[in-house]
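Step one of this worksheet: look at the structure below.
The values are calculated or read from the model by the stated rules, or taken from the named source; none is laboratory data. Computed from a prediction, not measured in an experiment: that's the story for all the values here. A quick note on method: Cβ atoms are made from the backbone with ideal geometry, for glycine too, and the neighbour counts reach across all protein chains shown. Ligands, DNA and RNA are excluded from the accessible area calculation, which covers all protein heavy atoms including side chains. Shrake-Rupley method; radii C 1.70, N 1.55, O 1.52, S 1.80 Å.
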There are 2 protein chains.
Amino acid sequence: MQTYQAIKKRYSCRKFIKKSIPKDLIEKLVDAGRLAPTARNIQPWEFVVITEEDKLKEIASIVETGRFIGEASCCIAVFCKDTKYYLEDGSAATENILILATDLGLGSCWVAGDKKPYSEQIRDILGVPQEFKLVSLIALGYPAEEKPFLEKRRLNELIHWEKF
Amino acid sequence: MQTYQAIKKRYSCRKFIKKSIPKDLIEKLVDAGRLAPTARNIQPWEFVVITEEDKLKEIASIVETGRFIGEASCCIAVFCKDTKYYLEDGSAATENILILATDLGLGSCWVAGDKKPYSEQIRDILGVPQEFKLVSLIALGYPAEEKPFLEKRRLNELIHWEKF
């Protein structure tokens with residue numbers, strides 16, 4: 001798929017069919033995350049891929065705003081070391097994964113990790129050392145819903161030429 | 001360009017040739033930013049496009065780590081309202097712009113805005129209201145340098161299956 005198409009087609013998909021994602025596609029997604037820009041080339045990220053149903057359901061039971069993770073085929077948890085720009089880095093990596101997932105015909109949804117009461121619990125469940133912070137949980141699967149209509153601000157409302 | 005290609009080809013480009021970017025391409029880039037995921041669909045972003053040479057040089061003179069903005073053809077300043085997830089939202093929008101810029105044959109570089117001593121000064125120069133925070137400054141132009149070799153952590157070092 002062309003880049004602009006993938007960017008336009010991406011949406012927050014919360015309903016998935018029961019179909020597992022081939023391992024090589026998951027690796028390609030994490031590869032996309034790995035290639036994101038990172039301040040001072042620190043690359044503070046680690047990616048934990050969860051595909052086991054029991055574990056997906058356990059995470060879903062903890063994450064109030066991510067109950068649908070329990071029905072997803074995969075969840076990629078993005079962690080970063082606590083660097084000055086970890087949140088920018090981890091967010092860029094997350095966005096790369098979402099865009100490529102769309103390109104690959106997958107539905108995806110970014111579930112917040114940072115600033116959430118459950119972030120340490122998720123970290124502990126996944127055996128991630130305390131020096132890492134949860135940035136996001138990415139729910140992934142083959143979509144069982146179309147892109148919903150969502151009111152979006154129009155380009156001419158938010159673009160400013162030379163000054164605000 | 002295919003999405004995966006654009007993700008792989010993106011790099012931090014800091015040298016540009018003297019050639020202006022057509023207005024419709026700049027609009028397409030901001031459109032890509034506008035289509036990024038945003039927590040609770042708040043869309044807290046505003047995009048200030050700078051193409052005037054004097055203003056690019058003024059910004060460059062303030063931004064220590066972004067002196068090359070003075071030689072860029074364009075700089076997109078990404079601002080967000082101070083919401084809980086403004087940094088994730090603004091970072092996702094920034095990454096969309098970088099990926100699409102690569103697709104369009106442009107060089108780009110993400111210059112940090114958040115947590116920087118110059119962020120308020122840039123905001124004031126651009127006439128942006130105080131309620132907004134600078135997330136990033138994106139330098140853009142036709143590249144005068146190839147993608148440099150940069151040591152990247154390999155996939156098998158950072159991917160973890162089921163647990164860390």
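All but one of (1) crowded, with 24+ Cβ neighbours inside 10 Å; (2) within 10 Å of chain B (Cβ to nearest Cβ); (3) more than 15 Å from A:Ala101 (Cβ to Cβ) hold for A:Ala6; state the number of the condition that does not hold.
(3)
Those residues that are closer than 24 Å to B:Thr94 by Cα, within 14 Å of the chain's Cα centre (by Cα) and among the β-branched types (Val, Ile, Thr), I need them from region A:49-99; list them, please.
Once the filter is applied, which keeps residues that are closer than 24 Å to B:Thr94 by Cα, within 14 Å of the chain's Cα centre (by Cα) and among the β-branched types (Val, Ile, Thr), region A:49-99 yields A:Ile76, A:Val78, A:Thr94, A:Ile97, A:Ile99.
Condition test on A:Ile76, is it touching a residue at least 12 places away in the same chain (Cβ under 8 Å), buried (at least 22 other Cβ atoms within 10 Å of the Cβ) and of a type in the set (Val, Ile, Thr)? I'd like the intermediate steps shown before the answer.
Details: touching a residue at least 12 places away in the same chain (Cβ under 8 Å): yes; buried (at least 22 other Cβ atoms within 10 Å of the Cβ): yes; of a type in the set (Val, Ile, Thr): yes.
In short, yes.
Among the residues of region A:1-49, which ones are of a type in the set (Val, Ile, Thr), in contact with a Lys or Arg (Cβ under 9 Å, 6 or more places away or on another chain) and part of a loop (DSSP other than H, G, I, E, B)?
A:Ile42 - this is the single residue of region A:1-49 that is of a type in the set (Val, Ile, Thr), in contact with a Lys or Arg (Cβ under 9 Å, 6 or more places away or on another chain) and part of a loop (DSSP other than H, G, I, E, B).
Name the single residue that is surrounded by the most Cβ atoms within 10 Å (Cβ to Cβ) among those in region A:24-64 being polar (S, T, N, Q) and over 15 Å from A:Val135 (Cβ atoms).
Quick first cut of region A:24-64, residues polar (S, T, N, Q) only: A:38, A:41, A:43, A:51, A:61.
Those left that are additionally over 15 Å from A:Val135 (Cβ atoms): A:41, A:51, A:61.
Values: A:Asn41: 11, A:Thr51: 18, A:Ser61: 12.
So, considering only residues that are polar (S, T, N, Q) and over 15 Å from A:Val135 (Cβ atoms), the one surrounded by the most Cβ atoms within 10 Å (Cβ to Cβ) is A:Thr51.
Which residue pairs have Cβ atoms closer than 8 Å, lie 6 or more positions apart in sequence or on different chains, and pair a first residue in region A:120-134 that is polar (S, T, N, Q) with a second residue that is open to solvent by 30 Å² or more (accessible area, probe 1.4 Å) and in a helix (DSSP H, G or I)?
Listed pairs, sorted by first residue: A:Gln121/A:Ile62.
Here is a check on your reading of the model: is B:Ser20 free of Cβ contacts under 8 Å to residues at least 60 places away in the same chain, open to solvent by 10 Å² or more (accessible area, probe 1.4 Å) and more than 9 Å from chain A (Cβ to nearest Cβ)? Quick ask: steps written out before the conclusion?
On the way: free of Cβ contacts under 8 Å to residues at least 60 places away in the same chain: yes; open to solvent by 10 Å² or more (accessible area, probe 1.4 Å): yes; more than 9 Å from chain A (Cβ to nearest Cβ): yes.
Considered against the rule, which asks whether it is free of Cβ contacts under 8 Å to residues at least 60 places away in the same chain, open to solvent by 10 Å² or more (accessible area, probe 1.4 Å) and more than 9 Å from chain A (Cβ to nearest Cβ), B:Ser20 comes out as yes.
Is it fair to say A:Lys84 is farther than 21 Å from A:Phe132 by Cα and either in contact with a helix residue (DSSP H, G or I) (Cβ under 8 Å, 6 or more places away or on another chain) or in contact (Cβ under 8 Å) with a residue 60 or more places away in the chain (or both)? Give the steps one after another, and end with the answer.
On the way: farther than 21 Å from A:Phe132 by Cα: no; either in contact with a helix residue (DSSP H, G or I) (Cβ under 8 Å, 6 or more places away or on another chain) or in contact (Cβ under 8 Å) with a residue 60 or more places away in the chain (or both): yes.
Spelling it out, it is not the case that A:Lys84 is farther than 21 Å from A:Phe132 by Cα and either in contact with a helix residue (DSSP H, G or I) (Cβ under 8 Å, 6 or more places away or on another chain) or in contact (Cβ under 8 Å) with a residue 60 or more places away in the chain (or both).
Of the conditions (1) without any contact (Cβ under 8 Å) to a residue 60 or more places away in the chain; (2) under 30 Å from B:Thr65 (Cα atoms), A:Ala60 fails just one. Which one is it?
(2)
Taking B:Glu145 and the conditions (1) under 27 Å from A:Asp24 (Cα atoms); (2) at pLDDT below 95, which numbered condition does it fall short on, given that it satisfies the others?
B:Glu145 satisfies all of (1) under 27 Å from A:Asp24 (Cα atoms); (2) at pLDDT below 95 except (1).
For region B:107-129, how many residues are more than 16 Å from A:His160 (Cα to Cα) and loosely packed, with under 14 Cβ neighbours inside 10 Å? Break it down into steps so the answer makes sense when it comes.
Just the residues of region B:107-129 that are more than 16 Å from A:His160 (Cα to Cα), to begin with: B:107-121.
Applying the additional criterion that residues be loosely packed, with under 14 Cβ neighbours inside 10 Å yields B:115, B:117, B:120.
Residues in region B:107-129 being more than 16 Å from A:His160 (Cα to Cα) and loosely packed, with under 14 Cβ neighbours inside 10 Å: 3 in total.
Given the conditions (1) modelled with pLDDT under 95; (2) under 13 Å from the mean Cα position of the chain (by Cα), which single one is not true for B:Ser108?
In the conditions (1) modelled with pLDDT under 95; (2) under 13 Å from the mean Cα position of the chain (by Cα), B:Ser108 misses (1) alone.
Mind counting the residues in region A:79-106 that are among the polar types (S, T, N, Q), under 13 Å from A:Leu140 (Cβ atoms) and surrounded by fewer than 24 Cβ atoms within 10 Å (Cβ to Cβ)?
The first filter runs over region A:79-106 and keeps only residues among the polar types (S, T, N, Q), leaving A:83, A:91, A:94, A:96, A:102.
Filter once more, keeping what is under 13 Å from A:Leu140 (Cβ atoms): A:94, A:102.
Add one more test, that the residue is surrounded by fewer than 24 Cβ atoms within 10 Å (Cβ to Cβ), and what stays is A:102.
Residues flagged as among the polar types (S, T, N, Q), under 13 Å from A:Leu140 (Cβ atoms) and surrounded by fewer than 24 Cβ atoms within 10 Å (Cβ to Cβ) within region A:79-106 amount to 1.
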